[in-house]
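S.K.: Structure provided below as structure tokens; questions to follow.
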Amino acid sequence: MPRPRKSTPTYSFHKSSGQARATWTDPTGHRHERWLPGPYDSPQSREAFARLLMELAVNPVATPTKFTGGPTVAQILLPYLRHAQAYYPHGSEFETIKDALKPVRELYGMKPAAEFGPLSLKAVREAMIRLGWNRTYINRQVGRVVRCFKWAAAEELIPTTVFSGLKTLAALRAGKTTAREAELRLPADPAAVVAALPFLPPHVRAVVELLRISGMRPSEACRMTLSQIDRTKAVWVYTMTKHKTAHRGMHRVVIFGPAAQVVIAAYLDGRDLDPDDPLFSPRRQREERYAAMRATRKSKVQPSQVSRMKAETAKRLPGEWFKPEAVCHAVLKACKKAGVAKFSPYQLRHLRGAELREKFSLEHVRAALGHSHASMSAHYARGADAVLATEVAATAG
């Protein structure tokens, strides 16, 4: 009986040329041999072999097209990242784009960009599935990859047909893919929030309390200054100049009622801040902690400790502004110390949306949370629908 052919490509060394090659047999029984770019065990050949594995995983009988000339995929990714960094200066969108383009660079960095078609994009998507990303996140990341090639086509770096071809790839559908489904993000547990507050640093505690009451995004609270808050009326108005949807021409304000005003006033008590300074600052928090420690110290400062304080100026100091990631890290540490279920600052926004939905209409929730469409408000407040449905059933039978 003949030995069965291998359907998985084999990476091998060609003795006469010193070049790498891949050999395999497709499901139809045809044997294939492909020469890989670069010498054996070189980064170029390894990259090409990894790309081949992904292509055959999504289409075992595909015959790759040959194309030479024009910029490579890596040569269009770099200028696009520069463009994205300038276009998305705030928030996490730029970092998310970098994550989306990483498997593209790893699999197709040396490949001509004009040769990047739907099957190549499908192979990139397969790599994302193997990274363990959830289905909805993969669909969004694939959309960011397509947006990169749309920009390249608009800059005439690649033919417009490349972008048109990439749009033909359908999104992953629930139940039709091996990609895992995203876990439903639930509102934070109010009892866990209360238990974690005593274990938070003063500035972060004020941020969390404000997020709990107002439903702001963490990034909006971190960028707050006194000059942006109008405190002349019964309700305070926080008008933002930089926010998530500013590039779309959207106007974003947050209204602070009595409860939020109490939090801000208590935090400002004893602090003299410049109107344009950050309201919450990790550097100021550190300075206040050190000042409190010095005020309660009973013994004389040792010379060695004084020397360390002087040398500290050469070290990296905390920044002037909090980042949402830093607030999230502090919250997770506080939850661990309190022994309660972990929650993220964004789950406070979910919690506020659910609470508002129980008392107000969807349009009121949309206005309070700053959404452009009511569908997003419904997403955040979906947990309240069960409460409302229970009330209807109890009243109307």
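S.K.: Which one of Leu157, Leu211, Leu169, Leu197 is in a helix (DSSP H, G or I) and either within 28 Å of Ile129 (Cα to Cα) or more than 24 Å from the chain's Cα centre (by Cα) (or both)?
M.R.: Within the list Leu157, Leu211, Leu169, Leu197, the selection yields Leu197.
S.K.: Any residue at all in region 186-205 that is modelled with pLDDT under 90 and either of a type outside the set (Phe, Trp, Tyr) or touching a helix residue (DSSP H, G or I) at 6+ places or on another chain (Cβ under 7 Å) (or both)?
M.R.: Taking every residue of region 186-205 in turn, at least one turns out to be modelled with pLDDT under 90 and either of a type outside the set (Phe, Trp, Tyr) or touching a helix residue (DSSP H, G or I) at 6+ places or on another chain (Cβ under 7 Å) (or both).
S.K.: Same structure, new question: Looking only at region 276-305, which residues are assigned by TED's automatic domain parsing to the domain that holds His203, surrounded by 10 or more Cβ atoms within 10 Å (Cβ to Cβ) and assigned to a loop (DSSP other than H, G, I, E, B)?
M.R.: Hits for region 276-305 are Asp277, Leu279, Phe280, Ser281.
S.K.: Step by step: first the residues of region 183-211, then only those that are exposed (fewer than 15 other Cβ atoms within 10 Å of the Cβ) and hydrophobic (A, V, I, L, M, F, W, C), then the one that is nearest to Ile138 (Cα to Cα). Which residue is that?
M.R.: Here the answer is Leu184.
S.K.: Could you please find all residues in region 355-369 being touching a residue at least 24 places away in the same chain (Cβ under 8 Å) and either in the same structural domain as Cys222 (by TED's automatic domain parsing) or more than 23 Å from the chain's Cα centre (by Cα) (or both)?
M.R.: Listed by number, the residues that qualify are Glu355, Leu356, Arg357, Glu358, Ala368.
S.K.: If you don't mind, there's one more thing I want to ask. Which of the following residues is modelled with pLDDT of 75 or more, of a type in the set (Val, Ile, Thr), surrounded by 13 or more Cβ atoms within 10 Å (Cβ to Cβ) and part of a helix (DSSP H, G or I): Val237, Val262?
M.R.: Val262
S.K.: May I ask you to list the residues in region 36-57 that are modelled with pLDDT under 80 and of a type in the set (A, V, I, L, M, F, W, C)?
M.R.: Answer for region 36-57, where residues must be modelled with pLDDT under 80 and of a type in the set (A, V, I, L, M, F, W, C): just Leu36.
S.K.: Which condition number in (1) closer than 17 Å to Ala330 by Cα; (2) of a type outside the set (Asp, Glu); (3) in contact (Cβ under 8 Å) with a residue 60 or more places away in the chain; (4) in a helix (DSSP H, G or I) is the one that Ala191 fails?
M.R.: (1)
S.K.: May I pose another question? Given the criteria among the basic types (Lys, Arg) and at pLDDT 85 or above, does Arg382 qualify?
M.R.: no
S.K.: Determine whether Ala153 is modelled with pLDDT under 95 and in contact with a strand residue (DSSP E or B) (Cβ under 7 Å, 6 or more places away or on another chain).
M.R.: Considered against the rule, which asks whether it is modelled with pLDDT under 95 and in contact with a strand residue (DSSP E or B) (Cβ under 7 Å, 6 or more places away or on another chain), Ala153 comes out as no.
The values are calculated or read from the model by the stated rules, or taken from the named source; none is laboratory data. The structure displayed is predicted, hence computed values, not measured ones. Cβ: placed from backbone, ideal geometry, glycine included. Neighbour counts: every protein chain shown.
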